[in-house]
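A.B. asks: Take this structure first; my questions come after.
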Amino acid sequence: MSTEALIDKYFRPGRLPHIWCPGCGNGIVTGCIVKAVEQTGLTRDEVAVVSGIGCSSRASGYLDFNTVHSAHGRALPVATGVKMGNPKLNVIVVTGDGDCTAIGGNHLIHAARRNLDLTVVLFNNSIYGMTGGQYSPLTPFGSKATTAPYATIEHDFDVVELAKAAGATFVARGTTFHAQLLTDLIVKGMQHKGFSLIEAVSACPTSFGRQNKMGGPVEMILWQRDHGVMKAAWDKMTDEQRQGKFPIGVLHEDNSKVEYTVAYDYLIKKAQEGKK
Amino acid sequence: MALKIITKRCKGCGICAALCPKKVLAVNEVEKVEAVNEKECIKCGQCEQHCPDYAIFVEK
């Protein structure tokens, strides 16, 4: 199916153009999500999209699936409820860097720990865009923000390592420049039985780019091209070469852990048999 | 026409024009993209893949 037909199929009619700024990467990531859904062969009724609050979380309003636009940072708790209520649904969580790692930070680590079968697509634009450019836990150290006019002195999370340490069983990173890779990673995340997190490095030219003199949309997407390194090449690089760059691709996969709804079904069965 | 541009959706960010290997596209004075050299298009799909606004499609 052509991309144009895909957009017509999975987007709510009459909602485009969207509200995102010129050059915002969120549109590219949302496009990758619908391409991934098409590749998995799931129908629209079999997919649920849950989002929190923020620029990225507006995506659920454009997509024509079962969608919930929930409270700030609470996309994961709502998604947990949706998945537990109907484990047959394939739940995609659309969340931003502030939404997922600041306000919803604890929800992230506990959802990862439980290994519930959710696919989290984390739109990382390094800033709180919608509220006017405040720094988030993923704003790189030394960057400027509205709340850090002389540069932020807080160190940023590496969300891939964070999810890995918290027990996520599939962790990957893509960028909006590597859009084809990002689509493939979302497909893999959706097919993975367990908690999967895909960090999508995205550009915010309006709030982040301007304050940090990174140039416009073009320069920012080319920055991703120059700084994202495929996992295979990353593994061969020295620490010096890795400076300032980040790995992309599938960064962690563990199929040994039991998935939460499977374990829950087992528990129900055991309780019904009256065993302890 | 190999390229389909939905002008209403275009916000003129210029990503497609910058990523086009054949310099087929350009952003005009009203900040909308247009095909200035369409016969050079090799249908690589870079513009379609990277357009954040779903405003340009390559018809194969």
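A.B. asks: Any idea which residue in the range A:14-26 is nearest to the other protein chains (Cβ to nearest Cβ), counting only those that are over 16 Å from A:Ser126 (Cα atoms) and touching a residue at least 12 places away in the same chain (Cβ under 8 Å)?
C.D. replies: Once the filter is applied, the top-ranked residue is A:Pro22.
A.B. asks: State all residues of the range A:8-28 that are in contact with a helix residue (DSSP H, G or I) (Cβ under 7 Å, 6 or more places away or on another chain) and part of a helix (DSSP H, G or I); if no residue qualifies, say none.
C.D. replies: Within the range A:8-28, A:Tyr10, A:Asn26, A:Ile28 meet the criteria.
A.B. asks: Quick check: is even one residue across the range A:223-245 in contact (Cβ under 8 Å) with a residue 12 or more places away in the chain, among the aliphatic types (A, V, I, L, M) and within 14 Å of another protein chain (Cβ to nearest Cβ)?
C.D. replies: The answer is no; no qualifying residue exists.
A.B. asks: Then there is this: May I ask you to say which residue of A:Thr3, A:Thr43, A:Thr67, A:Thr80 is within 30 Å of B:Thr7 (Cβ to Cβ), away from every other protein chain (no Cβ under 14 Å) and free of Cβ contacts under 8 Å to residues at least 40 places away in the same chain?
C.D. replies: Within the list A:Thr3, A:Thr43, A:Thr67, A:Thr80, the selection yields A:Thr67.
A.B. asks: Could you figure out which of (1) of a type in the set (Gly, Ala, Ser); (2) surrounded by fewer than 24 Cβ atoms within 10 Å (Cβ to Cβ); (3) in contact with a Cys (Cβ under 7 Å, 6 or more places away or on another chain) isn't true of A:Gly96?
C.D. replies: Answer for A:Gly96: the failing condition is (2).
A.B. asks: Looking at (1) modelled with pLDDT of 95 or more; (2) over 21 Å from the mean Cα position of the chain (by Cα), which is the only condition A:Gly244 fails?
C.D. replies: Among (1) modelled with pLDDT of 95 or more; (2) over 21 Å from the mean Cα position of the chain (by Cα), A:Gly244 violates only (1).
A.B. asks: Still on this structure: Checking A:Val50 against (1) within 14 Å of chain B (Cβ to nearest Cβ); (2) buried (at least 19 other Cβ atoms within 10 Å of the Cβ), only one condition comes out false. Which one?
C.D. replies: Tallying (1) within 14 Å of chain B (Cβ to nearest Cβ); (2) buried (at least 19 other Cβ atoms within 10 Å of the Cβ), A:Val50 fails exactly one: (1).
A.B. asks: Take the range A:51-76 and flag every residue that is touching a Ser or Thr at 6+ places or on another chain (Cβ under 9 Å), among the aliphatic types (A, V, I, L, M) and assigned to a loop (DSSP other than H, G, I, E, B).
C.D. replies: Result: A:Ile53, single match.
A.B. asks: Scan B:Cys16, B:Cys44 and give me the residue that is within 11 Å of another protein chain (Cβ to nearest Cβ) and on the phi < 0 side of the Ramachandran plot.
C.D. replies: Answer to the check: B:Cys16.
The values are calculated or read from the model by the stated rules, or taken from the named source; none is laboratory data. This structure is a prediction, so every number in the text was calculated from the model and none was measured. Every residue, glycine among them, receives a Cβ derived from its backbone with ideal geometry; neighbour counts consider all protein chains shown.
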